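Input: a single structure, listed below in C-alpha cells.
Just so it is clear, none of the values below were taken in a lab; they were calculated from the coordinates. Please read these numbers as outputs of a predicted model, since none were measured by experiment. We place every Cβ from the backbone using ideal geometry, glycine too, and count neighbours over all the protein chains shown.
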Amino acid sequence: MAGMKDAIMYSTLDGAKKCAKQLKHILERSGLVYPLAKCQAAAARAGGYEDWHDLTRRISQRTNTLLPYDYWGELIRNLPGPCHLPVRAHLRDDFASEPADEANTKRWIRDTLPYLMSLEVVHRSTTGLLRPGSGKDQRIRLQIVSGMLLNMEVKSGFTTKLEPESLTAIFGGTPDAILPSLAGHPRFNEALKALTAAGILMVKGRTTHLCAPDSEERRAEIISRARAWNAQKEPEIKYWPMSVELSASLQRQNDLDRRDAGPKVPYDALDYRGVSLQSRYSVASEFETMKAVVDAMPADVRLRLASVWCDSKACEFYHVVITLGMHHGVLAEQIRECFLAVTSGFNGLSVVHGSHSTQFDPEWPAEDAYFAELEEKQRSRIN
C-alpha cells in the first residue's frame with residue numbers, strides 16, 4: 001500500500017500552517033485559485049476553530065485526544081464545491097505514480113475544465129447580452145466569451161484557472177492575446193467594452209477574469225452541470241445479451257442461495273455505532289457477527305471505518321471501507337485482529353482506503369492448528 005496517506009490532524013500552530021499550505025498546493029495542481037488566507041480559514045474550521053485568528057489564539061490551550069478525528073471530512077465540508085473532488089482525489093492518490101506535468105494536466109481536465117465548459121453553456125443560454133436579439137455585436141460578444149472559455153484558438157501558453165467560490169475563470173493574458181484571430185474583427189474592442197461594462201469581463205493588467213452570472217440559481221446550475229460532466233466520464237459498463245432461459249436459471253439460483261443463507265432481517269443495511277453494516281442477502285447472523293466485530297474494535301479503529309459488508313454468497317467474506325483520510329499504516333492489520341478476536345475466522349477480508357486495498361487470505365485458526373497437529377503426528381509416525 002505504498003503511497004497511502006495516513007490520517008493527520010494538526011496539534012500545533014506549525015502543523016496547522018503546513019495543513020493550510022498543503023491544501024493550497026492540492027488545489028493549485030488542479031488549476032483552482034484559493035488564496036492561502038482562505039486555506040488557513042478552512043483548515044481552522046475543519047479543526048473545530050471559528051477562524052484562523054481563533055486557532056492562533058487557542059491552539060496552545062487545546063487538550064490532545066487519542067481518538068481519531070475526521071479532519072479531511074470536515075475540511076471538505078468547509079470548502080466550496082469545486083474543491084471537493086481534488087481533495088478526495090488527493091486522498092485516493094489519483095495520478096500519484098505519474099510524472100508531475102502529466103498528472104497536473106489530467107487534474108486540470110478533471111477538476112477545472114468541466115466548470116469552464118459549464119460556464120460557457122450557462123452564459124450562452126441565459127446571459128442577455130450574449131443571446132440572439134440582444135442587439136448589435138451579439139455574435140462577436142458570444143464568440144469572445146465562448147472562445148476564451150473553450151480555448152477555440154488553441155493557445156497552448158494560456159492555462160485557464162478557476163476561482164472556486166465565485167466560479168470566475170482566470171486567464172493569464174489579455175483577450176486580444178488569447179484570441180488573436182478574433183481580435184482582428186473590426187468590432188472586437190466595442191464588444192469588449194460592452195462585456196466589461198456588463199461585469200462579464202474584467203481585465204486586470206495582464207490577467208483577464210471572466211465572471212459567472214450573479215444569480216445563485218445560475219451558479220448552482222454551473223456546479224450541477226460540471227459534476228454531471230465528470231460523471232459521464234466514468235468507465236463504460238459493458239453489457240452482454242443473455243437468453244431468457246439463462247437469465248431465469250441465474251435468478252432461480254440466486255433465489256435458492258438467498259433462501260439457504262439462513263434467517264433474514266427486513267433490511268440490507270444497518271448503521272451501528274457510526275459504521276454502516278451491510279449483508280448481500282440480509283442474513284441476520286451476519287449482522288450479529290459484524291456488530292460483534294465493531295463492538296470489539298477500540299475507538300481508535302472503529303471511528304475510522306465507513307462500512308463493513310459481508311458477501312453472503314461467498315460466506316464469511318468481508319469488505320471493510322475506511323473513511324477517506326483516516327487511514328494509518330497498521331489499521332488493516334488491527335481490523336484483521338478484531339475479526340479474529342470474535343469469530344472463528346473468515347474466507348477473505350478486504351480493507352479498502354481510496355484506490356488502495358489490503359487483501360487477507362482465508363484464515364481459520366482452529367482448523368489451521370488442527371491440521372498442523374495432524375501433520376506433526378504423521379511425521380512422527382514416519383520417523
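Descriptive notes on the structure:
- Histogram of C-alpha separations across the stretch 71-115, 5 Å bin width, %: 5, 22, 27, 23, 16, 7, 0
- Rounded to the nearest whole Hz, the Karplus-based 3J(HN,Hα) values (6.51 cos²θ - 1.76 cosθ + 1.60, θ = phi - 60°) of the stretch 201-209 follow the sequence 10, 9, 9, 10, x, 9, 10, 10, 10, with x at glycine and proline.
- Here the 3J(HN,Hα) profile of the stretch 269-275, calculated from phi with Karplus coefficients 6.51, -1.76 and 1.60 at θ = phi - 60°, is 9, 9, 8, 10, 6, x, 10 Hz, Gly and Pro shown as x.
- Pair TRP240, SER60: separation of 7 Å Cα→Cβ label points (nm): 6.8 nm
- At R0 = 30 Å, FRET efficiency that the Cβ-Cβ distance of SER125 and ARG206 yields, to 0.05: 0.45
- For LEU277, the residues 5 or more places off, or on other chains, whose built amide H falls under 5 Å of its own are LEU270, ASP271, TYR272, VAL308.
- Cβ-based exposure ranking for MET152, MET326, MET9, in which fewest neighbours within 10 Å come first: MET152, MET9, MET326
- A simple spin-label model places the labels of LYS136 and ASP268 6.5 nm from each other, with each point 7 Å out along Cα-to-Cβ.
- Proxy reagent accessibility, fewest Cβ within 10 Å first, across TRP240, TRP364: TRP240, TRP364
- q = 0.11, 0.16 Å⁻¹, the stretch 13-91: log10 I(q)/I(0) [Debye, one scatterer per Cα]: -0.27, -0.56
- The chain: most fluctuating residue of ARG58, ARG302, ARG225 per GNM, C-alpha cutoff 10 Å: ARG58
- Mean Cβ neighbour count within 10 Å, used as a protection proxy, ranking 36-47, 276-287, 209-220 highest first: 36-47, 276-287, 209-220
- Shape summary of the chain, radius of gyration then Dmax from alpha carbon positions: 27.9, 103 Å.
- Overall shape of the stretch 261-367 was characterised from the C-alpha gyration tensor. The equivalent ellipsoid obtained from it has semi-axes of 20, 16, 13 Å, in decreasing order.
- Radius of gyration over Kirkwood radius for the stretch 112-231, both on Cα atoms: the Rg/Rh ratio is 0.94.
- Ranking of LYS313, LYS204, LYS24 by count of other Cβ atoms within 10 Å, fewest first: LYS204, LYS313, LYS24
- Efficiency of FRET between ALA220 and ARG259 - r from beta-carbon atoms, R0 41 angstrom, step 0.05: 0.30
- Computed over the chain, the per-residue total of -39500 (n - 2.57) for DSSP H runs of n ≥ 4 gives a 222 nm mean residue ellipticity of -15000 deg cm²/dmol, rounded to 500.
- Efficiency of FRET between ALA314 and LYS193 - r from beta-carbon atoms, R0 56 angstrom, step 0.05: 0.25
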